[in-house]
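Please treat every number below as a calculation from the coordinates, not as lab data. All values reported here derive from a predicted model rather than from experimental measurement. A quick note on method: Cβ atoms are made from the backbone with ideal geometry, for glycine too, and the neighbour counts reach across all protein chains shown.
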Amino acid sequence: MLHNLLAKMDTLVGFEEASAHCDIPCKIYDPATAQIAALTVIRLVDLLEELKSAPADVNTMAKVSRLAKEKEAHGLIVKEEIRVIWGDYFKQPQIEKFPQIHELTHNIMLAASKAKQEINRDDAVKLLELVNQFAEIFWETKGVATFRAKCPYLPEEITVYPQLTPEA
Amino acid sequence: MIRIVRVSGLSMSPGMMPGDFAAALNWPASLYRPGQRVLVQHPAFGLIIKRLDAVEEGVVWLSGDSPLSSTREAMGCQPLSALRGRVIAVVRRRRPG
């Protein structure tokens with residue numbers, strides 16, 4: 001009852017939020033989400049490019065609008081995922097070892113914005129490359145070796161993967 | 001003065017869950033004691049709810065109720081002036097079951 005009343009007041013006046021969370025779930029960080037989002041941006045650019053020769057009818061417009069919306073969303077995922085790893089995972093020991101992480105993170109923010117703004121494959125590929133570099137550093141902080149390989153699906157671009165040891 | 005806040009996160013669970021409301025009362029600095037739940041303006045984490053772990057000369061240590069919470073070391077020792085009130089009531093969100 002009282003909660004319902006407060007919830008209604010909350011929608012009207014908007015109470016402040018007091019956070020009772022600090023880094024939960026603890027210590028689960030993985031750049032894979034950002035990498036997949038960056039690959040998705042490239043793939044969406046490719047799909048948008050394909051539509052350049054399509055008839056300029058309402059169907060094409062609808063497809064363009066859907067693809068552009070997803071491209072926007074995945075560009076944002078890259079930014080959020082990288083920001084969280086940079087802000088929450090990287091602490092003094094990692095930053096001392098990889099002082100370039102700040103500039104790299106900032107460059108990823110800029111590259112993601114650029115990739116969002118236009119339909120330009122080069123921009124999207126550049127974003128993936130920066131995210132790959134971020135992933136390499138991330139795995140190195142964990143003492144995990146990495147390798148580069150084409151992702152086994154379109155857009156088949158070079159992606160950094162961790163070289164994990166299989167359980168015996 | 002009473003300040004009402006909406007709780008987010010799980011570090012004060014099970015006593016406070018996300019979506020609950022908490023009322024915090026302006027509290028005299030000299031009456032803060034370990035064990036009290038408090039509203040804190042934290043320089044890194046913003047406005048947070050925690051439990052007072054220790055009250056020392058002008059400073060306090062904080063902890064969460066849940067084992068998932070950040071450690072008191074991670075939250076650091078905060079000046080008494082960071083405290084924004086003592087939680088005097090929690091209104092729980094009704095949960096199914």
Practice task
Starting from the alpha-carbon convex hull of segment B:2-91, give the projected area averaged over all orientations, in nm².
Solution key: 5.1
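Starting from the eigenvalues of the Cα gyration tensor, five times each then square-rooted, give me the equivalent ellipsoid semi-axes of the protein assembly as shown, largest first, whole Å.
Value: 44, 26, 16 Å, ordered largest first.
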Exercise for the section: Can you tell me the relative contact order of chain A? Whole percent, Cα pairs under 8 Å, sequence separation 6 or more. Expected result: 24
Fill in the blank from the handout: With a ≥ b ≥ c from the Cα gyration tensor eigenvalues, square-rooted, and the rule rounded for a/c under 1.5, otherwise prolate when a/b > b/c and oblate otherwise, segment A:29-159 is prolate
Exercise for the section: Springs between alpha-carbon atoms under 10 Å, Gaussian network over chain B: tell me which of B:Pro18, B:Pro34, B:Pro43 tops the mean-square fluctuations. Expected result: B:Pro43
Handout entry: Reach of A:Lys142 by Cα under 29 Å, taken over lysines that are not fewer than 8 positions away in the same chain
Key = A:Lys27, A:Lys79, A:Lys91, A:Lys97, A:Lys126, A:Lys150
Practice task
Enter the mean number of other protein chain beta carbons within 10 Å of the beta carbon of each residue in B:6-13, as an integer.
Solution key: 6
Handout entry: For B:Val60, distant residues with modelled amide H under 5 Å away
Key = B:Gln78, B:Leu80
Completion exercise
Which residues qualify? For B:Lys50, with a placed amide H closer than 5 Å and at least 5 residues away or on another chain, they are B:Val38, B:Val40
Completion exercise
Per-residue Cβ contact counts at 10 Å, fewest first, order A:Lys63, A:Lys52 as A:Lys52, A:Lys63
Exercise for the section: Please list, or write none, the aspartates and glutamates whose alpha carbon is within less than 15 Å of the alpha carbon of B:Lys50, excluding same-chain residues fewer than 8 places away. Expected result: A:Glu17, A:Asp23, B:Asp20, B:Asp65, B:Glu73
